[in-house]
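Step one of this worksheet: look at the structure below.
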Amino acid sequence: MKKIILLTSLLTSMAFAQVSKPIEMPYVDYPVETGDHDEVVQQYCLICHSFGYILNQGKKSRPYWTGTVQKMVNEFKAPIPKEDQQTIINYLVKHYGYEVASGH
Amino acid sequence: MSTFNRRHFLGSSLILGASSLLGKEADQKIITETKNFVPPVIAFPEKKPLKVISDRPPLLESPRDIFTQPITPNDQFFVRWHMPDIPTYIDLNEFRLQVQGAVETPLSLSVDDLKSKFEPVEITSVLQCGGNSRKYYATSGQATHGVQWGHGAMGCAVWKGVRLKDILNKAGLKSDARFVGVNGLEKPALDETPHFFREMELDEALSGELIVAYEMNGEDLPYLNGFPLRLVIPGHFSDSWVKMLSEITVLDQYRKTFFMDVAYTVPDNDCECVVSGGDFEYKRKPIAAMKVKSVIGYPTPNTIIKKGSRIKVTGMAFDQGKGVKEVMISVDGGKSWSATALQKDYGKYAYRQWIYQWEPKTKGEYTIMVRAINRVGNIQPLPDEIGWNAGGYQYNAVDSVNVKIV
């Protein structure tokens, strides 16, 4: 028995378990605000997951975004140089957040 | 991995940007709005349209109205992966579950082996993400880190499979066996990123309630819910319900890993919450048993209903397996409470549906709230009473829905 999720033309002749016709994994073009070096954000923040992860957070404070970027670097080993981390944090705060002195 | 004669990946491991992930095959391109971002609602393979928090890895949230059915249909069951590199094609002739480590006889089991050589068992159980309902923490207090789920990262299904205990006994445990590690086929984009590896104490693994499931609601597991095998741990949050389960490793000592010891942990105190200071100043413990919870399936928020209608207010309640004792309802924002009628009992780990017949006599705005209590006296906290943790885990405060009677 074979189970197919992403069907390319090569696979159309195979048997299906529950899938009766060709299917494809949808691709979502999550919108990314441009400017303030969004290219740096796109270069690093899409390696391991979609931009949906970022949009889903809603507007968040600078400490929150700083914490998130640090988590990506320290825990998940995102290969982002220090100065680019700062660029990304500034971008996120400007487009998907707000400034506060402390707290979340 | 050599167990596949052909693999496709949901994602690429390179820095290519999202547009190249699926190459030419993906002609279905969905553009979404930026302002006040609302995730698109799209049908993924074997699924009805669900809220797509992320397409890579897939994070699909179920709508609130699934809480009108005690068994969640497979095609509306939420989807939650952690890593972008997921095989999208599995050949059951080649797929094997490896049982290894501190065992007398390592096993390499096909799905057919599991179906033919072991006693099949069935259990109805809620599957809930540890971060389910996380976004509600921010409505009554400080925001929490993690995917901002509504209530739709849970469902209840009938799981059929083989007892983990039976598999371990067939392999034969060595005398130094202490822990059981489980992992599946999802892999990170970068090798350095921690793999999704989970562990449990041997006693838990041998409890007889944990099953390696190959069926969900009478069908093969949907691909996105972990085809062909998934670990089921009734009563527990789903962190260790590993999908596309491919390895069971018996260990003589605990392995420290990010996804066990850092992520999915809460302060190791009675309230499992932050009393003062920072969350990570506390000794940690992994989240495990679920907390008593109830949610409203109908009406959904902002429903407009004609005065004089007879409304069947309904939803689901569950806990860690002690059993729901009572679900109370308020239609006046928590001033007064009435009993609801509990429906059919599908087992102690299943959803328990509750129903309340309501005939609003006057026009206006109403806040419906529900609150469950279980047989050992655990009761849902009110939103402003719930203990806070930085990871936003285990949210179980009283649910509320606003409706308008016209």
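Just so you know, all these numbers are worked out from the coordinates, no wet-lab data involved. Because the structure is a prediction, the values reported are computed rather than measured. Here the Cβ is made from the backbone with ideal geometry for all residues, glycine too, and neighbour counts use every protein chain on show.
Rounded if a/c is under 1.5, else prolate if a/b is larger than b/c, else oblate: which is the protein assembly as shown, with a ≥ b ≥ c the root eigenvalues of its Cα gyration tensor? Present the calculation step by step, with values, prior to reporting the outcome.
Values: a/c = 1.37, a/b = 1.12, b/c = 1.22.
Note, shape of the protein assembly as shown comes out rounded.
Name the shape class, rounded, prolate or oblate, that the alpha-carbon gyration tensor gives for the stretch B:43-286, where a ≥ b ≥ c are the square roots of its eigenvalues, rounded holds for a/c under 1.5, and otherwise prolate holds if a/b is larger than b/c and oblate otherwise. Could the numbers behind the result be given before it?
On the way: a/c = 1.69, a/b = 1.18, b/c = 1.43.
Since a/c reaches 1.5 but b/c is at least a/b, the shape of the stretch B:43-286 is classed as oblate.
When only Cα pairs under 8 Å and 6 or more residues apart are kept, what is the percent relative contact order across the stretch B:293-405?
Here the relative contact order equals 36 percent.
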Legend entry - Candidate aspartates and glutamates - alpha carbon under 18 Å from B:K115, same-chain residues fewer than 8 apart omitted: B:D91, B:E94, B:D166, B:E209, B:E215, B:E219, B:D220, B:E247
Legend entry - Three-way shape call for the stretch A:30-98 based on the alpha-carbon gyration tensor, with the a/c threshold at 1.5: rounded
Legend entry - Whole-angstrom gap from the stretch A:55-104 to the stretch B:73-105, using each part's C-alpha centre: 33 Å
Legend entry - Two-site FRET efficiency, B:K312 against B:E192, from Cβ-Cβ distance with R₀ of 51 Å, rounded to 0.05: 0.45
Inset, instruction - Search the structure for amide H atoms under 5 Å from the amide H of B:L50, placed 1.01 Å from N in the peptide plane, and list their residues when 5 or more places away or on another chain. - result: B:I42, B:A43, B:F44
Legend entry - Value of relative contact order over chain B, rounded to a whole percent, pairs C-alpha under 8 Å and six or more apart: 16 percent
Legend entry - B:R178 versus B:Q98: modelled label distance in nm, points set 7 Å from Cα along the beta carbon direction: 2.3 nm
Inset, instruction - Return the long-range amide H neighbours of B:Y89 (sequence gap of 5 or more, or a different chain), with a cut-off of under 5 Å between placed amide H atoms. - result: B:H8
Inset, instruction - In whole angstrom, note down how far apart the Cα centers of the stretch B:174-216 and the stretch B:336-389 are. - result: 34 Å
Inset, instruction - Taking amide H positions as placed in the peptide plane 1.01 Å from N, state which residues far from B:F197 in sequence (5 or more) or on other chains have amide H under 5 Å from it. - result: B:F259
Legend entry - Estimated inter-spin distance, B:L202 and B:R284, nm [label 7 Å along Cα→Cβ]: 2.6 nm
Inset, instruction - Check the straight Cα-Cα distances from B:K283 and name the lysines below 28 Å, setting aside those fewer than 8 residues away within the same chain. - result: A:K60, A:K71, A:K77, B:K135, B:K256, B:K291, B:K293, B:K322
